[in-house]
Amino acid sequence: MKIDHKTRYQNLAQHVKEQLAFIPVEVVRMSVIAFVFIGFDLFLLLGLLNIFKLEFLWIVSLLF
């Protein structure tokens, strides 16, 4: 969609103004924190679950 370069911001439709608005800093900050937290903790959790799985298999193999 092209907007005529002579059109002023005040004359634009409301839905166009909303699309041109910036994302609030708080939303970006929380998104980055959540992405990093989930990304790091996911790998840590997968590693710990793998250790527990190996330990369980080791104990079961000793019993039989």
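Remarks
- Cβ charges +1 (Lys, Arg) and -1 (Asp, Glu), total dipole of the chain, debye: 420 debye
- Once exposed loop trypsin sites (Lys or Arg not before Pro) are cut out (DSSP; at most 10 other Cβ, 10 Å), longest piece of the chain: 9-64
- Estimated inter-spin distance, A34 and F52, nm [label 7 Å along Cα→Cβ]: 2.5 nm
- Options L20, T7, G39, ranked by Cα towards positive dipole end of the chain, top entry (Cβ charges): T7
No value in this document is a laboratory result; all are computed from the given coordinates. Since we're looking at a predicted model, the values are computed, not measured. No Cβ is skipped: glycine too gets one built from the backbone with ideal geometry, and neighbour counts run over all protein chains shown.
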